[in-house]
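Chemist: Structure provided below as structure tokens; questions to follow.
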Amino acid sequence: MPEISRSERKTQNRVIQLFTGPGGLGYDYLGEWNKRENNRCIEVELLRANLLKRGYSEAQISAALQKLMAAADATGITLYQANLRTYQLLRYGVSVQTAAGKPNEQVHLVDWEKPDNNDFALAEEVTLKGGYERRPDLVIYLNGIAVGVIELKRGAVNVVEGIRQLWSNQEDAFNVSFFATAQLLLAGNDTQGLRYGTATTKEKFYVEWKPKAPDENTPGGRLDRPLAEMCEKTRLLDLIRNFMIFDGGIKKVPRQHQYDGAKAAQLRLIKREGGVIWHTQGSGKSILMVLLAKWLLEQDPQARILIVTDRIELNDQIIGVMRNAGVIGAEAGSPLISSRGELVTKLATPSPRLLCALLHKFDTSDLTGTPPQVHGQFYVLVDECHRTQGGDMNRQMKRWLPNAIFIGFTGTPLLRKDKQTTRDVFGTFIHTYKFHEAVEDGVVLDLTYEARDTEQKLVVQEAVDAWFEEKTRGLNNFQKAVLRKRWANLEELMSSQERKQRIIADIIKDFGVKPRLNNDRGTAILVASSIYDACHYYRLFQGTSFGKYVGIITSYEPQATNISTEPPDSDERYKFDTYTDHVLKGWPGTTAYENEMKRRFIHEPANLKLLIVVSKLLTGFDAPSCTVIYLDNEMRDHTLFQAICRTNRLDGDDKPHGHIVDYKALFQDVQNSISVYTSDELDTEACGNDANVTVKDWLMEGKKKLDTAREALRYLCEPVAMPRQVEQYLLYFCGSSSEPKALSDTEPLRINYYKATTTLLRAYSDLFQHLEEAGYGLEERVRIKEEVDFHTNTRNEIKTHSGEELDIKPFEGDMRHLINTYIQAEHVQGQGDLSGLTLTELIVATGINDAIAKKLNSKGKSSRNSIAEGIINNLRKTIIRDQLTDPKYYEQMSKLLDDLIAQSRTDAAAYEAFLKRAEELAQKLVQKAGGDHPATLHGKPEAIVIFRNLDDLPATTFQCPQEDEAKAQLALEIDQTMKEKAQSGWKGDQAKERVIQNFLHKLLQKDVAAMQALFEIIKNQPGY
């Protein structure tokens, strides 16, 4: 009969066999050292024997041992410092001098190039003294140096207990000195698998190693397979040699996706090929850059690294990590390029080997001239490559560095509307790590969503019309239409003062009642739709007691020249006055102010609770304290995704997820963004061939639009009299000045001409950098440029002649007054609050992501109804797929679904109602939380399913309890039995299944039919 519960001792014996037994990893077994005296992190005799075997003299060995023992002595210093000292000797060797006057010689403690020259060994029950006595289960020795410590637990004990032991062992009161040489710290059991960290790694940062080929059926396979992968000799040496980072007082070992990404990139670079690494926001791309930069600089003596970003914040972040990790020497100056001239100069010199530059440092004024001289083999690491992929700067970068190898980093796949794909510029995907994978691995937090709205209405419509007519007296109909079009739109409606005040009150209320926001631990970002709106929000906040906790960071820099020709009440002057009179008062400049605001936001959340932004800080800015993002800006695609990911950085147990509060009804856009980042639709040929959602042939489409626009203008202008100079165009489109009604009669002609010219301009601007690639010859390219210039100038002259050129800036103050006076806003109301359900659960677990991505793939965009159908179809699939999990519950859900589909979704109100019910149903489908059940079952989803189905079990002898409490107790008993008795890999293993069936048989009064029916339900529960 199979064992009921495997002991820790049995697990340990099996792991020892994995390392040292026949067919295992080939380690030597050193024995059980529980009674051995003086166990240390450096076993001198073992190290001496290895060094002698590798040909070092006694004098060299003695000198090296002396230096190593001194480095490992943690007396008076931190473990981090001692570990760094010993790592440097382990990694690069020990410089020794065996006699006066002799040159220094290098003693390599590890042979990195020839793994078989090293001695790999394992000892168990290694008693550690010096502080309170401890006994690690297993210790890995490399040439007698303790590089790994393994703590094992039996399956019923959480692996966290092993992690806590590893952490406490590093304390001064216990055995800190033993960990001076430690590189990998491992904790595991047979049910949860393997977690790993390194010296100084805190509990929350230990991560799981997921094997490439999981083995869940073999006894102990969940633990043994990852151990075998991590501790295989060549990989262990590689992890120690190339993947240990010392970063500002914390030693780090990469997460598995970073390791896999780096290894995949190394293979590409060895073949002298580039590509794209797509790792989701917050997954540690800066660390990956450090790992690759270190490896390249050591592997290739001619290698030079150029890191290119498009924002100074990203440069600062990456340089900080590089310096902390030792890639930039402590005494070295900043690698940041400050000017285009400096970039040209340093490209031609052999040092420094590492450079960091903003993309715009590549001078685009001359795209055909002689490029600068370049010294060395450049490897260009381009961060946020989805934004730096096209245009003249990228073209110039390729011209200046023709032999460089480019690696692009992004957390943002391109969407269909992007004209040039990342693949065209950088190559195929090297490695991908998606949003939901990062959430599952605990690398970032999941996101929750809540829609809020403040209803607005127009009051006293007659007064509005009268006010408008008065303020626009003297304007012609066309000019009035231009002004109406500029101000009668949703964006301006949403910027009314009363609406902003309602939102401000809503945010302040959150800081009074929401967890983290109300205890000075959490912060929030408010994304405004324009710099004007950000300034308006800031000034309104300053009128509240909360104002002292609010900062603003935009791209605005107040300059006196900005307002020298501005009317008094224009938006530009409002922004200037806000910054000079309110924001920067008492500050030496914008840079000093913004740097301090960012510092407080990250490190002093109690002193800066809210940052108002527009687009700045939505990439490359990581603040773990940021808990909520308030969206009051229309954003889509990667911009939206990057924005909402500002909230999902890990920051303690009191931050279970990042939260999105949406004031702009962006739920569909949030769905689309998450879907693109999680769907398998984006992966083809192992993340290689066409992993972007790309346009079929954007050049062909662009050429078609340009040709159509040219043809339309030719047709429209055909009646213009010869020789078709400006005078003839004015006469045709404006009429004769002798005719009183000429301008009004020709107005439709002019409007058509204005629109056609605008269409031509847009088509030309989309394609002008790629006209040759689109198939236009030199003569035609020149002709097209002449056509565009002619019609642009002619349009301006027609507008001037007809009096239809309108400077709308003098009207800005009046129009703001109109909106602020006559638009009334109600209190903020919640709409679809999904805060109890994460977006990964809602979108990924139900399969909605694939449906939406397919629609995006095939059509370029999805209407509300098509997205709605995607939700419905995937909820239907979820119901069909999961009926076996809980038959009675899903019978009820099917009726709800039918009712839901029957609803009309044609108007906005009906769609909102549909969306809310769809969200509600999705919550139930994922959480299976519907129906009434006793409070004793709360938080126990499997027990709830059992409780719900006990009544309907086919029975001969089994009598289901009639009282809910008694039935709940039986469900809890069955649930507890499953958790205690079910062995690893029991599903599909007949022997193990029979053990469970025997227990169920007894609990169900030996009723075979009831037992079999319940067993089928239990077998389909993912929690068992």
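Chemist: Here is a check on your reading of the model: is residue 735 farther than 21 Å from residue 708 by Cβ, open to solvent by less than 80 Å² (accessible area, probe 1.4 Å) and without any contact (Cβ under 8 Å) to a residue 24 or more places away in the chain?
Modeler: Against the criterion (farther than 21 Å from residue 708 by Cβ, open to solvent by less than 80 Å² (accessible area, probe 1.4 Å) and without any contact (Cβ under 8 Å) to a residue 24 or more places away in the chain), residue 735 qualifies.
Chemist: Just checking, which of 79, 51, 138, 68 is open to solvent by less than 10 Å² (accessible area, probe 1.4 Å) and either closer than 30 Å to residue 189 by Cβ or acidic (Asp, Glu) (or both)?
Modeler: 138
Chemist: Select, from 125, 171, 113, the only residue that is of a type outside the set (Gly, Ala, Ser), closer than 20 Å to residue 51 by Cβ and more than 32 Å from the chain's Cα centre (by Cα).
Modeler: 113 is the lone residue from the list that is of a type outside the set (Gly, Ala, Ser), closer than 20 Å to residue 51 by Cβ and more than 32 Å from the chain's Cα centre (by Cα).
Chemist: Out of the residues in segment 270-280 that are touching a Phe, Trp or Tyr at 6+ places or on another chain (Cβ under 7 Å) and not hydroxyl-bearing (Ser, Thr, Tyr), state the one that is farthest from residue 205 (Cα to Cα).
Modeler: 274
Chemist: Within segment 156-165, identify whether any single residue is among the β-branched types (Val, Ile, Thr), more than 19 Å from residue 146 (Cα to Cα) and buried (at least 20 other Cβ atoms within 10 Å of the Cβ), and answer yes or no.
Modeler: Within segment 156-165 (the criterion being among the β-branched types (Val, Ile, Thr), more than 19 Å from residue 146 (Cα to Cα) and buried (at least 20 other Cβ atoms within 10 Å of the Cβ)), the answer is yes, since at least one residue qualifies.
Chemist: Would you say residue 448 is farther than 16 Å from residue 273 by Cβ, modelled with pLDDT under 65 and open to solvent by less than 20 Å² (accessible area, probe 1.4 Å)?
Modeler: So residue 448 fails the test.
Chemist: Out of (1) surrounded by fewer than 22 Cβ atoms within 10 Å (Cβ to Cβ); (2) assigned to a loop (DSSP other than H, G, I, E, B), the odd one out for residue 267 is which?
Modeler: With (1) surrounded by fewer than 22 Cβ atoms within 10 Å (Cβ to Cβ); (2) assigned to a loop (DSSP other than H, G, I, E, B) applied to residue 267, the lone miss is (2).
Chemist: Then there is this: Quick one: count up the residues across segment 759-790 that are farther than 24 Å from residue 725 by Cα, outside any loop (DSSP other than H, G, I, E, B) and open to solvent by 50 Å² or more (accessible area, probe 1.4 Å).
Modeler: Within segment 759-790, residues that are farther than 24 Å from residue 725 by Cα, outside any loop (DSSP other than H, G, I, E, B) and open to solvent by 50 Å² or more (accessible area, probe 1.4 Å) number 5.
Chemist: If I go through segment 719-770 residue by residue, how many of them are in contact with a Pro (Cβ under 8 Å, 6 or more places away or on another chain) and modelled with pLDDT under 85?
Modeler: 0
Here is a yes/no grid of residues against (1) open to solvent by 40 Å² or more (accessible area, probe 1.4 Å); (2) in a strand (DSSP E or B); (3) at pLDDT 90 or above; (4) touching a Pro at 6+ places or on another chain (Cβ under 9 Å):
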site	(1), (2), (3), (4)
25	no, no, yes, no
29	yes, yes, yes, no
47	no, no, yes, no
98	yes, no, no, no
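Chemist: Which pairs have Cβ atoms under 6 Å, sit 6 or more apart or on different chains, and link a residue in segment 240-251 that is at negative phi to one that is among the charged types (D, E, K, R) and not in a helix (DSSP H, G or I)?
Modeler: Final answer for the pair search is 245/252.
Chemist: I've got another one for you. Looking only at segment 993-1024, count how many residues are part of a helix (DSSP H, G or I), open to solvent by 40 Å² or more (accessible area, probe 1.4 Å) and charged (D, E, K, R).
Modeler: Of the residues in that region, 4 qualify.
Chemist: Also, quick follow-up: How many of the residues in segment 588-608 are in contact with an Asp or Glu (Cβ under 8 Å, 6 or more places away or on another chain) and not in a helix (DSSP H, G or I)?
Modeler: Looking only at that region, the number is 2.
Chemist: Another one. Name every residue in segment 518-548 that is surrounded by fewer than 23 Cβ atoms within 10 Å (Cβ to Cβ), within 29 Å of the chain's Cα centre (by Cα) and not acidic (Asp, Glu), in order of residue number.
Modeler: 518, 519, 521, 529, 530, 531, 532, 538
Chemist: Can you pull out the residues in segment 969-1017 that are in contact with an Asp or Glu (Cβ under 8 Å, 6 or more places away or on another chain) and among the β-branched types (Val, Ile, Thr)?
Modeler: Within segment 969-1017, just 1017 meets the criteria.
Chemist: Select from segment 954-975 the residues that are open to solvent by 20 Å² or more (accessible area, probe 1.4 Å) and part of a loop (DSSP other than H, G, I, E, B) and list them in ascending order.
Modeler: Of everything in segment 954-975, those that are open to solvent by 20 Å² or more (accessible area, probe 1.4 Å) and part of a loop (DSSP other than H, G, I, E, B) turn out to be 954, 955, 956, 957, 959, 960, 961, 962, 963.
Chemist: Something else about it: Those residues that are in a loop (DSSP other than H, G, I, E, B) and either open to solvent by 10 Å² or more (accessible area, probe 1.4 Å) or touching a Pro at 6+ places or on another chain (Cβ under 8 Å) (or both), I need them from segment 270-306; list them, please.
Modeler: Within segment 270-306, 271, 272, 273, 274, 282, 284, 300, 301, 302 meet the criteria.
Chemist: If you check residue 948 against the conditions, is it open to solvent by 80 Å² or more (accessible area, probe 1.4 Å) and at pLDDT below 85?
Modeler: No: the conditions fail for residue 948.
Chemist: Given the structure, is residue 499 in a helix (DSSP H, G or I), at pLDDT below 90 and among the charged types (D, E, K, R)?
Modeler: So residue 499 fits the description; yes.
Chemist: Separate question: When residue 579 is evaluated against the numbered criteria (1) modelled with pLDDT of 90 or more; (2) within 30 Å of residue 283 (Cα to Cα); (3) of a type in the set (Ser, Thr, Tyr), which criterion, by number, is the only one it fails?
Modeler: (2)
Chemist: Mind checking which pairs have a first residue in segment 365-379 that is open to solvent by 50 Å² or more (accessible area, probe 1.4 Å) and at pLDDT 70 or above and a second that is in a loop (DSSP other than H, G, I, E, B) and of a type outside the set (Gly, Ala, Ser), Cβ under 8 Å, 6 or more apart or different chains?
Modeler: Between residues of segment 365-379 that are open to solvent by 50 Å² or more (accessible area, probe 1.4 Å) and at pLDDT 70 or above and residues that are in a loop (DSSP other than H, G, I, E, B) and of a type outside the set (Gly, Ala, Ser), the close pairs are 371/402; 374/401; 374/403; 375/349; 375/350.
Chemist: Mind listing whichever residues of segment 635-671 are at pLDDT below 75 and open to solvent by 20 Å² or more (accessible area, probe 1.4 Å)?
Modeler: 636, 637, 638, 639, 665, 668, 669
Chemist: Write out, first by first residue and then by second, each pair whose Cβ atoms fall under 6 Å of each other, whose residues are 6+ apart or on separate chains, and whose first residue, in segment 8-23, is open to solvent by less than 10 Å² (accessible area, probe 1.4 Å) while the second is modelled with pLDDT of 90 or more and not basic (Lys, Arg).
Modeler: Listed pairs, sorted by first residue: 11/152; 12/137; 12/152; 19/25; 19/27; 19/122.
Chemist: Looking for something within 37 Å of the chain's Cα centre (by Cα), part of a helix (DSSP H, G or I), under 29 Å from residue 188 (Cβ atoms) and of a type outside the set (A, V, I, L, M) - is there at least one such residue anywhere in segment 936-950?
Modeler: The answer is yes, given that some residue of segment 936-950 is within 37 Å of the chain's Cα centre (by Cα), part of a helix (DSSP H, G or I), under 29 Å from residue 188 (Cβ atoms) and of a type outside the set (A, V, I, L, M).
The values are calculated or read from the model by the stated rules, or taken from the named source; none is laboratory data. Everything quoted here is computed from the prediction, not taken from an experiment. Cβ: placed from backbone, ideal geometry, glycine included. Neighbour counts: every protein chain shown. Surface areas here come from the heavy atoms of the whole protein model, side chains and all, with no ligands, DNA or RNA. Shrake-Rupley method; radii C 1.70, N 1.55, O 1.52, S 1.80 Å.
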